[in-house]
1. Which whole-Hz ³J(HN,Hα) couplings does segment A:8-20 yield from phi under the Karplus relation 6.51 cos²θ - 1.76 cosθ + 1.60, θ = phi - 60°, glycine and proline marked x?
2. With each label point set 7 Å from Cα along the Cα-Cβ vector, what nm distance links A:ARG147 and A:THR161?
3. Provide the packing ranking of A:81-89, A:59-67, A:29-37, i.e. peptides ordered by the mean count of other C-beta atoms within 10 Å per residue, highest first.
4. What spacing in nm lies between the two simple spin-label points modelled at A:LEU94 and A:GLU154, each 7 Å away from Cα in the Cβ direction?
5. Assuming 0.36 nm per residue, please report the length gained on full extension of the stretch A:SER69 to A:ASP18 beyond their Cα-Cα distance.
6. Once Lys and Arg get +1 and Asp and Glu get -1 on their Cβ, which of A:GLY159, A:PHE65, A:MET110 lies farthest toward the positive end of the dipole of chain A?
7. Between A:LEU94 and residues 5 or more places away or on another chain, which pairs have amide H atoms under 5 Å apart, with H built 1.01 Å from N, and which residues are they?
8. If packing is taken as the average number of other Cβ atoms within 10 Å across a peptide's residues, how do A:11-17, A:98-104 rank, most packed first?
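Bear in mind that the values in this text are calculations on the coordinates, not laboratory data. Keep in mind that this is a model prediction, so the values were computed, not measured. Virtual Cβ from ideal backbone geometry, glycine too; neighbours counted across all protein chains shown.
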Amino acid sequence: MDTLDLAHYLIGKVAVHDVAAGRLSGRIVETEAYPVGDPAGHAFRGKTARNSSLFLGRGYAYVHFTYGSSFMLNVTSEARGVGAGVLIRALQPLEGIDLMQCSRGVTRLMDLARGPGRLAEAMRIDFRQDGVDLCAAGPLWLAATERNTGTIGESVRIGLTRNIDPRWRFYERGNPYVSGPRRLRE
DNA sequence: TATGCGATATTCT
DNA sequence: GAATATCGCATAG
């Protein structure tokens, strides 16, 4: 499975994070792929201290901090030593909603995890989760779900300045928890 | 609803 | 010193 397949596959799956106060979980409704050789990907210029988690192999967390205020959660893809990953851009909150409202400071369900920075804040993701194995037992992991997923749409990625053209963003069509302008949610 | 801009910290040049 | 896989508030329509 390559990076694009993984980005598609992750839609409808559930991300779970157990913290001291309880369990936080949400259904993934929006992702973006950053495959091998993508100039917009953090691994493009080689391995550094910041992005080393991207090279761990498939199924690890890569947590990144940007714009002075936002963490972002990625799932690594490809083989060990190859830098590529999938950015989780939005969740539909399932469990621990009261905890998310507390950490985000808002009450509207739609505003809890719509957008990568909000998502990380709601799920209490930070550098401590960088490099965690998401397929093994631990506080943070990915679970499959029995629930049906709607049609999956694709679009250009959001917020990039390089390599804008490829349609490597995937989302569940019409789901109100998807981020971005309206035309990119339908 | 849509667009614009400043805040903020870490990394790389 | 510049750039950045963003957010929230401001303003205008």
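1. The phi angles translate into 5, 5, 6, 4, x, 7, 10, 9, 10, 9, 8, 10, 4 Hz.
2. The two pseudo-label positions are separated by 3.7 nm.
3. Top to bottom by mean Cβ count within 10 Å: A:81-89, A:29-37, A:59-67.
4. That separation, rounded to one decimal, is 2.6 nm.
5. The span from A:SER69 to A:ASP18 would gain 16.1 nm if fully extended.
6. A:GLY159
7. Close amide H contacts, sequence-distant or interchain: A:SER25, A:GLY26, A:ARG27.
8. Highest to lowest by the protection proxy: A:11-17, A:98-104.
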